[in-house]
Structures are given as C-alpha cells and as structure tokens.
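The values are calculated or read from the model by the stated rules, or taken from the named source; none is laboratory data. Keep in mind that this is a model prediction, so the values were computed, not measured. Neighbour counts are summed over all protein chains in view; Cβ atoms, including those assigned to glycine, are modelled from backbone coordinates with ideal geometry. Quick note on the areas: whole protein, heavy atoms, side chains included, nothing else; ligands and nucleic acids left out. Shrake-Rupley method; radii C 1.70, N 1.55, O 1.52, S 1.80 Å.
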Amino acid sequence: MSAFKTLRLTALDTLFFRESRPLDAIGGSELVSIFPPSPRTVLGAVRSAIGDTLGADWKQFHAEKESYVLPNGRSLYDLIGWGDELGKLSLAGLWLSLDDVRLYPAPLFLLHNKINFGRLRIGTAVRTHVGTVRLPTAPDREHGYRPFEDSWLTGAGLLQALEGGNPDNDELRQRKDLFTEESRLGIARDNSKRTVRTGLLYQTRHIRPMAGFAIDANISGLDDSLNIEGRIVRLGGEGRMADIYSVETPKMPDTPRPHGDTRGLILVLLTSALFKNEHGNWLPPRFSPAKSNGADVWRGEINSVSLTLHAVALGKTRREGGWNMAECKPRDVQSLLSPGGSYYCTVDNGNIATAIDALHGKQIGEDQELGRGVIACGLWNQNEFPIDHPGGKA
C-alpha cells in the first residue's frame, strides 16, 4: 500500500448521510442518517476540495472530462478521476476520532449484559440449514448478553479485546458519546420559479456531533504540493458543511502475540467489506467448503496464509447507496458486511505468529481503493475453542 496522509473532517453544524431508501419512496416515514458515512461521501468532499483549490471550472470539467485542463495546465481527471474512477486517489481506511483519539468498531465477539462484559464461545458442531457447523454461543450459555453494536473502542481497548480479554469500561465509546440526533422537516423547492413544490414534504434525521468528534480519512495519492487545509467543504446530504485539515496518522493497535493457550485467529473487520464468493457473499474470496472432524468448514488463503474457517459472527448487513453526482442519478445500493464481523480461523501450518504479522492491518475483498475490508487479528484461545475439535478444552 502506498504512503498516505490523514485528513480530518469536522462538522460546522449538523450532518446528514442519507440511508439507502430514496426520498420519494418512503411515504410518511423519516429518513435517518447512516453512520459512519460511506467512503464515497468522504472522498467526494476531498475531491471537491482538490478541484476548488486548483480553481476548477466544474461545469467545463463535466463537459470535457479527460480532456479538461486546469488553469495551471494539469489534468484534473488524472488527479481525482471521474465518477467511480478515482484517478490517483485511494482510501486506506475511514475512521472516527474523539478528542484526537482514534476509535475502532467493537468486535462482534464482545458481549455485554447489564453488569458484565463477555465473549462469544464457539460451540460444538450442530446441524443447520447451511450444514453441520459450529455456531457462536454466549458465555456459559447464559442469557441476557448482547453484542456491542454501534460501539467503538480506543486502540488500547481494541488491543485488550484482540489479546483475549475484555476492554476496560473507559476504553468504550457509544453513539451517545459521539453525537445526538435531530429531526428536520423540509420541502422540495422549484428554483426556476423560486417557490416550493406542492406535496413534496419530507422528514430527515440529522446527527449533531459532540465537541471533539471528527471523521478521519487515510488517503493515498494526494499531491504533496497541494494544500487543501482549512477549506470548507460540503459533506453528505442537504449541503451540510465541514472543514478539512491534515493530522498526524495514528498508529494501528499493536499485534497481539500468541501464547501457549492460543489455538487460532479471530479476523475482525475494522471497516465495511464487500466479498464476492460463489459459496456466499459473507465468505472471503477464494475460500471454499471442506470438512474437518465431521463439521463443515471453509478453506482458503489470505495474503499467502492458508487458513481454515470454522465459525463466523456477523452483524446486520450495511446498505449503502447515495447519489451519483457525476451522472446525476441514484447510485446502485450495495449490501456490505458491517465492521466488527469476526471470522474464527486456524492456521493450516500452525505458525500463528507469522500469520498475524502477514494479516494484521491488511485489506481483503472488493473495492479496496475505498478502504473496505481492513482486518485486525485477534487470538482464538483455548477457553473459546470447541471441545469437539483437536486442541479444544476437555
């Protein structure tokens, strides 16, 4: 991956990142904001900032595209691309920060009830509609545990979870710590007549970020001589505004080191992922069905590491659509794997430490130029291993 810099976007007021449903197909229901925003939304703001800084004539660029030349003689198309083509730009990850502390999505193997943290266990193989598979279970089969959805961890908290423990409470951030929500009522305008359009009333729900909250984008392909610092850009729907500046790139959490009780890896999605696999779009590319000790598993390779996948913990599918500004039409909606999804794997050659070094912080799946599929490696230890697998606890 090429070198990148981190751009930070902070809201000047509320923000609105429209969900995948269109405004004209929802009846009287409220349109909510998806959060975090899609990578294309953030990249759109950055591309606009680059063009504005260089004095682009956007109407002329729309007409001429590849042949358009900036006042300084450079090709804007080469710098920022057009539509889905990103030119020299690519996103190495989209992150949240609060008070200059980077946040990571809480892995879905983390659970909580009203009192305690917990971690998923992998049970013995049972017959289901997808075969004889090992399913995640609550700790000691107790009731009342729920996953940490819409929750984030600091780097220190994520490392605690990846090492096989539970994070401290003060390393956890939830939606209420990052923003509040506000309902807004609007009506469509007819700009040619300077009047409202009859019957086109709509309701949206904006987010109002807390003080110190920001969106960080690790972007490669930015020209070092290009200064877009301090620009005000439109971010998301309804023309909401944000300022943009660069910050020092925070370091990824350290890799956990395996020990005598480590039996495998838990691969955690830190950003949304898009997989294309004939055996199921929840399955990483180049994995195919196999058998192991009477259970259905999947074998494949990631970054030259051969793995056997035994169990998966996934959250709700994330639906991303949006507006294609280049072609002035809605963008096709995609179904993505949500951040926090966890894949329980064993390393086929048994060298877990080497596998962690090869996989931690890498990307898997499609649309990697949008920062999708960044993974972190956690330890799958003996106390969470199925008893019907060699190496499992007795």
Q: Look at GLY123 and say whether it is on the phi > 0 side of the Ramachandran plot and not polar (S, T, N, Q).
A: no
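Run down SER29, SER20, SER67 and say which single residue is more than 23 Å from ASP243 (Cα to Cα) and open to solvent by 60 Å² or more (accessible area, probe 1.4 Å). So that I can check it myself, show each step before the final result.
Numbers: SER29 fails: open to solvent by 60 Å² or more (accessible area, probe 1.4 Å); SER20 fails: open to solvent by 60 Å² or more (accessible area, probe 1.4 Å).
None of the other options fit; the residue is SER67.
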Q.
Out of GLU149, GLU163, GLU181, I need the residue that is farther than 25 Å from THR317 by Cβ and either open to solvent by less than 10 Å² (accessible area, probe 1.4 Å) or touching a residue at least 12 places away in the same chain (Cβ under 8 Å) (or both). Which one?
A. GLU163
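Would you check if SER342 is under 30 Å from GLU85 (Cα atoms), hydroxyl-bearing (Ser, Thr, Tyr) and open to solvent by less than 50 Å² (accessible area, probe 1.4 Å)? Write out each step before concluding.
Numbers: under 30 Å from GLU85 (Cα atoms): no; hydroxyl-bearing (Ser, Thr, Tyr): yes; open to solvent by less than 50 Å² (accessible area, probe 1.4 Å): yes.
For SER342, the condition - under 30 Å from GLU85 (Cα atoms), hydroxyl-bearing (Ser, Thr, Tyr) and open to solvent by less than 50 Å² (accessible area, probe 1.4 Å) - is not met.
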Q. Does segment 138-153 contain at least one residue that is assigned to a strand (DSSP E or B), over 21 Å from TRP380 (Cα atoms) and polar (S, T, N, Q)?
A. yes
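Could you list all residues from segment 249-282 that are part of a strand (DSSP E or B) and small (Gly, Ala, Ser)? Please lay out each step first, then the result.
Initially, segment 249-282 is screened for residues part of a strand (DSSP E or B), giving 262-269, 273.
Listed by number, the residues that qualify are GLY264, ALA273.
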Q) Of all the residues that make up segment 221-249, how many are at pLDDT below 90 and of a type in the set (Asp, Glu)? A) 4
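Would you call GLU85 open to solvent by 50 Å² or more (accessible area, probe 1.4 Å) and over 23 Å from the mean Cα position of the chain (by Cα)?
On the way: open to solvent by 50 Å² or more (accessible area, probe 1.4 Å): yes; over 23 Å from the mean Cα position of the chain (by Cα): no.
When the stated conditions are applied, GLU85 does not pass them.
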Q.
Would you confirm whether or not segment 246-263 contains a residue that is in contact with a helix residue (DSSP H, G or I) (Cβ under 9 Å, 6 or more places away or on another chain), within 27 Å of ARG21 (Cα to Cα) and of a type in the set (Val, Ile, Thr)?
A. no
Q. Which of the residues spanning segment 295-343 are under 20 Å from ALA106 (Cα atoms), modelled with pLDDT under 95 and of a type in the set (Val, Ile, Thr)?
A. THR317
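On the given criteria, is MET325 open to solvent by 30 Å² or more (accessible area, probe 1.4 Å), aliphatic (A, V, I, L, M), touching a Leu at 6+ places or on another chain (Cβ under 6 Å) and closer than 30 Å to ILE215 by Cβ?
Details: open to solvent by 30 Å² or more (accessible area, probe 1.4 Å): yes; aliphatic (A, V, I, L, M): yes; touching a Leu at 6+ places or on another chain (Cβ under 6 Å): no; closer than 30 Å to ILE215 by Cβ: yes.
It is false that MET325 is open to solvent by 30 Å² or more (accessible area, probe 1.4 Å), aliphatic (A, V, I, L, M), touching a Leu at 6+ places or on another chain (Cβ under 6 Å) and closer than 30 Å to ILE215 by Cβ.
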Q | Selected residue (criterion: surrounded by the most Cβ atoms within 10 Å (Cβ to Cβ)) from residues of segment 300-314 that are within 23 Å of ARG121 (Cβ to Cβ) and touching an Asp or Glu at 6+ places or on another chain (Cβ under 9 Å) | A | LEU307
Q: Report yes if some residue within segment 167-176 is exposed (fewer than 14 other Cβ atoms within 10 Å of the Cβ), closer than 26 Å to SER20 by Cβ and out of contact with any Leu (no Cβ under 7 Å at 6 or more places or on another chain); otherwise report no.
A: yes
Q. Restricting the first residue to segment 346-362 and requiring it to be within 15 Å of ILE375 (Cβ to Cβ), which pairs with a second residue that is among the small types (Gly, Ala, Ser) and assigned to a helix (DSSP H, G or I) meet a Cβ separation below 7 Å and a spacing of at least six or different chains?
A. VAL347/ALA355
Q. Of the conditions (1) touching a strand residue (DSSP E or B) at 6+ places or on another chain (Cβ under 9 Å); (2) farther than 26 Å from TRP82 by Cα; (3) not hydrophobic (A, V, I, L, M, F, W, C), GLY373 fails just one. Which one is it?
A. (2)
Q: Could you list all residues from segment 328-339 that are open to solvent by 40 Å² or more (accessible area, probe 1.4 Å) and touching a residue at least 60 places away in the same chain (Cβ under 8 Å)?
A: PRO330, ARG331, VAL333, GLN334, PRO339
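Yes or no: HIS389 out of contact with any helix residue (DSSP H, G or I) (no Cβ under 7 Å at 6 or more places or on another chain) and over 19 Å from ARG286 (Cα atoms)?
On the way: out of contact with any helix residue (DSSP H, G or I) (no Cβ under 7 Å at 6 or more places or on another chain): yes; over 19 Å from ARG286 (Cα atoms): yes.
Yes; evaluated as a whole, the condition is true for this residue.
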**Q.** Answer from SER220, SER192, SER272 - the residue that is open to solvent by 50 Å² or more (accessible area, probe 1.4 Å) and either hydroxyl-bearing (Ser, Thr, Tyr) or touching a residue at least 24 places away in the same chain (Cβ under 8 Å) (or both)
**A.** SER192
Q: Could you pull out the residue among PRO71, PRO37 that is more than 23 Å from ARG208 (Cα to Cα) and part of a loop (DSSP other than H, G, I, E, B)?
A: PRO71
Q.
Against the conditions (1) assigned to a strand (DSSP E or B); (2) of a type outside the set (S, T, N, Q); (3) out of contact with any Phe, Trp or Tyr (no Cβ under 9 Å at 6 or more places or on another chain); (4) at pLDDT below 90, where does GLU181 fall short? Just the number, please.
A. (4)
